[in-house]
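Reviewing the structure listed below.
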There are 2 protein chains.
Amino acid sequence: MTAPFARVALIGLGLIGSSIARAVRAHLPDVILAGYDEDPGVRARAVELGLIDEMADRPGEAVGGADLVILCVPVGAMAAAAAAIAPHLPPEAVISDVGSSKNSVAAALRAALPGARIVPAHPVAGTENSGPDAGFAELFRGRWCILTPGEDACAEDVDRLAVFWAALGSRVEIMEPKHHDLVLAVTSHLPHLIAYTIVHTASDLERVTESEVIKYSAGGFRDFTRIAASNPTMWRDIFLANKEAVLDMLQRFSEDLTLLQRAIRADDGDTLFDLFTRTRAIRRDIVEQGQDVAKPDFGRHSG
Amino acid sequence: MTAPFARVALIGLGLIGSSIARAVRAHLPDVILAGYDEDPGVRARAVELGLIDEMADRPGEAVGGADLVILCVPVGAMAAAAAAIAPHLPPEAVISDVGSSKNSVAAALRAALPGARIVPAHPVAGTENSGPDAGFAELFRGRWCILTPGEDACAEDVDRLAVFWAALGSRVEIMEPKHHDLVLAVTSHLPHLIAYTIVHTASDLERVTESEVIKYSAGGFRDFTRIAASNPTMWRDIFLANKEAVLDMLQRFSEDLTLLQRAIRADDGDTLFDLFTRTRAIRRDIVEQGQDVAKPDFGRHSG
């Protein structure tokens, strides 16, 4: 296929940035990759790994001549990253990002880059690991990438970016930014917040030691610890950037939890049983739609 | 090795009962397995799978001549199962179970089987699947099995049961029943309750459809759906049986969640960052102690 872009600049080379680099190498080998990361150690490592053709020492340098620039930094760092490249961004370049909240990021990009060809994006993919060594080429395969172009976005830019993500293995969807933020508040932000909370609760008890919690974690707890091991900076920024939707979902979750709490207190087994039966169907649908492995226990026993 | 028991009767042949049968076949091939399940379809299937040497049509029949009887039924069904075998239980047989709450089960067994050689047990292992086809021989390998003998238990009985579980691959621990219930409330019961709740919350929103939740579940939500697909009867019973400890843990979780909620509302990024940093260490320890796979994303990408 003809690559939709000839020169792609990646600003930020952690899990997502380095995975994009690897996926571009694998699926769009003609594309020239320019890169920058504010951490000199990460830059050196990315060069060592052969991820980037032209590593820059300053963000502005990286974007020169690029026809696609992707900001792969925590959402709280988007404004600064956009400001740093602003004087150097070619006017014809499409500028995108990979942030997990879209409304605030779009606003930050618009403010820092007036008149730029902005098409925000969010690949719904990741692992609990961070840094350039954690990335891999197949991270986006079969996962959704959501584009949230503003009303003034150019249709051709959106199409080219969609072709780019599809080439990396993603399934592409277009969504209104506010709706994206609400959907992700449920499917990603609330789960992470809950996971962080329960891991904190479990490690901060008087009558149960942390070593007991670790020892007997196979009873269910360990499932929560995976996403509670995710990048702290990234997640702090997401909760602050998508505050309104996260607090809304949290309120609903708390209400539902109170309902179950009351059912337990009142020995109301029927309410518990009915609810536990309905939740089974969701798991089945997720597996059927290829969004999780079909193996019991996440296939832990097969490895 | 010499098997610690010659004839083991399994009452209940779902995920755990059928896994015990398979593990006995694999690791203690001289043991004769008797079995019973209240569901005739499960009995027939267990025979078809070759799991049981002597399938009984009534629970009392299964325990005749056994030197170990294990009740593998939901904790709410323990009293009835114990009552059903009471007239037939050989006086020298050790009677045990696999329930996830131990204080209430011990009381039920003592009431139904006065004078019996009771050693309650809890293998901390399982998957989200149910039924005799879901079991496998290696389910207990490297997992902890907690024995909670009462003060009047015979030390030799406890030792023999410990040898039995060790032969099946388990690491064995002895614990006071009340402490067991507190530890499991944190490491297993609370996580299941939270998972059931969040899956329910996500499926019951007005502005986000269930199909959107499923589609974008790779952002974190899908991790919760696994344990929320567990056996509804089993879990209803556990929450009612371990009510006090579960409500205590739930209260602490709610307090911690309120703390995070306030931090988000107040834009207090430092509190969020500090907490998210501490939770990472727990994951590392769980993996180091062999209680979870070391692969990112549970190794989903390798399958």
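Any read-out appearing in this document is the output of simple, stated calculations on the displayed coordinates, not a laboratory observation. Everything numeric here is computed off the predicted structure, so don't read it as measured data. Backbone-built Cβ (ideal geometry, glycine too); neighbour counts: all protein chains shown.
Worth pointing out:
- Label point 7 Å beyond Cα along the C-beta direction, distances from B:Asp267 to other copies (nm, shortest first): 5.2
- Chain A: most fluctuating residue of A:Ala155, A:Ala83, A:Ala241 per GNM, C-alpha cutoff 10 Å: A:Ala155
- Between A:Gly14, A:Gly169, A:Gly219, the Gaussian network model of chain A with springs among Cα atoms under 10 angstrom shows the greatest mean-square fluctuation at A:Gly219.
- In degrees, nearest ten, helix A:232-241 long axis to first principal axis of chain A (Cα): 90 degrees
- The mean number of partner chain beta-carbon atoms within 10 angstrom of a residue's beta-carbon across peptide A:204-216 is 6.
- Nearest beta carbon of chain B to the B-to-A rotation axis, with distance in whole angstrom: B:Phe298, 2.
- Listed by chain and number, the aspartates and glutamates whose alpha-carbon sits under 17 Å from that of B:Lys295, ignoring those within fewer than 8 places in the same chain, are A:Glu128, A:Asp133, A:Glu138, A:Asp223, A:Asp292, A:Asp297, B:Asp223, B:Asp285.
- For B:Trp144, distant residues with modelled amide H under 5 Å away: B:Val124, B:Arg171
- Label sites at A:Gln289 and B:Ala80, each approximated as a point 7 angstrom past Cα along Cα to Cβ, lie 3.7 nm apart.
- Cross-link pairs beyond the 21 Å C-alpha cut-off, checked among A:Lys178/A:Lys243; A:Lys215/B:Lys102; A:Lys215/B:Lys243: A:Lys215/B:Lys243
- Largest GNM mean-square fluctuation across A:Val63, A:Val246, A:Val293, computed for chain A with C-alpha springs under 10 Å, falls on A:Val293.
- Packing order of peptides A:130-140, B:279-289, highest average first: A:130-140, B:279-289 (average count of other Cβ atoms within 10 Å over each peptide's residues).
- For the pair A:Glu244 and A:Glu156, label points projected 7 Å from Cα toward Cβ lie 3.4 nm apart.
- Charge dipole (debye, nearest 20) of the protein assembly as shown; +1 at Cβ of Lys and Arg, -1 at Cβ of Asp and Glu: 440 debye
- Sorted from nearest, the other copies put their A:Glu48 label points 5.6 nm away, the label point being 7 Å from Cα in the direction of Cβ.
- Principal-axis tilt of helix A:15-27 within chain A, Cα atoms, nearest 10 degrees: 60 degrees
- Computing FRET efficiency as 1/(1 + (r/R0)^6) for B:Ser254 and B:Arg58, where r is the C-beta to C-beta distance and R0 is 51 Å, gives about 0.65.
- Exercise: per-residue mean of other protein chain Cβ atoms within 10 Å, B:243-255: 4
- Listed values for segment B:192-204 are Karplus-derived 3J(HN,Hα) couplings in whole Hz (6.51 cos²θ - 1.76 cosθ + 1.60, θ = phi - 60°), namely 5, 4, 5, 5, 4, 5, 5, 5, 5, 4, 5, 8, 10, and x replaces Gly and Pro.
- In terms of other Cβ atoms within 10 Å, B:Val158, B:Val24 run from fewest to most in the order B:Val158, B:Val24.
- Shape index of the protein assembly as shown: Rg/Rh, with Rg the Cα radius of gyration and Rh the Kirkwood radius from the inverse mean 1/r over Cα pairs, equals 1.05.
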